[in-house]
Every structure is written in structure tokens, then in C-alpha cells.
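Written out below as C-alpha cells is the structure these notes cover.
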Amino acid sequence: MSIADNLAGIYERMAGAARRVRRSPESVTLVAVSKRVPVEKIAEAMAAGQKLFGENYLQEAQEKISRLPPEASWHCIGHLQSNKAKQAVELFQMVETVDNLKLARLLDRQAALAGRVLPVLVQVNVGREPQKAGVFPEAAEKLLREIKECPYLQVRGLMTMPPFFDQPEAARPFFRELRLLAEALTGKGLLGEHGPVELSMGMSGDFEVAIEEGATLVRVGTALFGERL
Ligand SMILES: *Cc1c(COP(=O)(O)O)cnc(C)c1O
């Protein structure tokens, strides 16, 4: 299967999942996860119409972005070290992985220096896994209130990576929890000021379940590009 075929298949499955819960297929956006994928394959996905990509590692992203056409846009979906805030602001249209105030403040400062507003998501560790990044759900409210003081950041929504399961259905309660948390925070006026609230959740194995639970961004790598090296 070519990347173009994979892409078409993923869009079809995304639309099917949206329709099952009476959502419009246009309400879900694919972030093509291109970590450890060579630029030639990313270019192939671009030729097939995909323009939004997700990268985990700053140095890798920097090298690829410089070699690909400017029509591509990029989300940071990996853990971001504080000393990389400047480059992150230069490279990414959105940082999906803000989970502490120190990082938020550094991104805010660099965005101010760059003269731009940076859209971000707050990463939530819904599975409370010690090895995973993200704030615990009960700490999201405090962080959102603190980030409100950062004039150059716009929090657009929440992102999560639930525990890994072989069965996609097993991830459903975690996706649902992120949606309910976002709804509660929206009710408190902490989300939704900058347009529709984004929920970034769902990967190759479970993006359809995530869409059924309200995902607006799905991050899919393997199903599009094949197994990573
Ligand atoms: C690698 C990665 C993905 C994509 O995973 P696949 O299973 O290859 O689709 C999504 N989100 C994050 C944060 C990742 O690191």
C-alpha cells in the first residue's frame, strides 16, 4: 500500500467514526506523526494532500522542516525541554505538550520576542502513569489559570496519551475522561476563549474510538507511514 492509499483509508475511517456519533467529518483533523520517518516519505504524504505533521524531537524536526516545503505545518507532540523553547516557537505552529508553568512561561517569553501568539494544548496524564508526561486531571485547572497570565500563549484545548492497550475499546474511558475534563474547564471559562476546544487524542490503534469520544485532532503515525525504523 502506498502512503496515498494509507492516507485515503485513514480519512475514510475517521469520517466513519465521526458519522457514527453524528459529528461532522470536518470536525476532526489528522496530525500525521512523522517521527523517525524520512523526509522522502513525508514529501509523499504532502503530495497526497497531507499538510499537518507532528514531531516528537526538536532536532529531528528542525532538520526535516528545513528540507520540506513551507506549506507544511508542524505540531510539537513530544516532551519539550525548557532550553528548547526558542526553537520550538520558531518551528511549530502548535505545542501540544505543555504540562508545567515553567515551560509555559518560557514559551510565552519566546513567543513575545518572536512577535507571535503561540497556540498550545495542555497535556493531561489521564492514566496517571508515572513514566508519562502531563498533569494529572485534578491539576489541569490550576495550570490553566496560571497560563492565563501568559499573554502570548493561547490554550486551545487538551492533549492526552492514555495507557497502551491491545484493545482500542480499553482506551475509551480515558478518552472520555479527557472530554469530560475539557467540558468542565470550559464551563469554568478556562477553555474555549480562542475558538472551538481542541481534544488531541487517538493514535494508529485507537483513533476511531477517540473520535467517537470527541477527538478533534488525531495523531497517527504507523497506520500512515508503516512501522518506524
Ligand atoms: C508516536 C506518537 C504517536 C503516533 O503513534 P502511532 O501508534 O505510530 O500512530 C502519537 N502521539 C504521540 C505523542 C507519539 O509520540
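Below is a table of values for the structure above.
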| quantity | calculated |
| --- | --- |
| Label-point gap, in nm, between residue 13 and residue 90 - each point 7 angstrom along Cα→Cβ | 3.7 |
| Angstrom value of the Kirkwood radius, inverse mean 1/r, which spans all Cα pairs in the chain | 17.7 |
| Over 19 Å between alpha carbons, listed pairs 41/64; 41/86; 142/188 | 41/86 |
| Only Lys, Arg (+1) and Asp, Glu (-1) charged, at Cβ; region 117-229 dipole about Cα centre in debye | 300 |
| Kyte-Doolittle mean at least -0.5 and Cα axial length at least 15 Å: DSSP H helices in the chain | 3-20, 101-114, 172-187 |
| Under 11 Å, Cβ to Cβ, from residue 158 - net charge with Lys/Arg +1 and Asp/Glu -1 | -3 |
| Residue of 96, 198, 129 that the Gaussian network model of the chain assigns the largest fluctuation, springs spanning Cα pairs under 10 Å | 129 |
| Percent RCO, i.e. relative contact order, over region 81-199, from Cα pairs under 8 Å lying at least 6 residues apart | 24 |
| Helix-only [θ]222 nm of the chain, DSSP H runs n ≥ 4, -39500 (n - 2.57) each, per residue, nearest 500 | -12000 deg cm²/dmol |
| GNM top mover of 128, 105, 156 - the chain, alpha-carbon springs below 10 Å | 128 |
| Sequence-distant residues sharing a close amide H with residue 52 (under 5 Å, placed H) | 32, 73 |
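Rule-based calculations on the coordinates, nothing more; no lab input. Bear in mind the structure is a predicted one, so any value in this text is a computation, not a measurement. Reconstructed Cβ throughout: ideal geometry from the backbone, glycine too, with neighbour counts over all protein chains shown.
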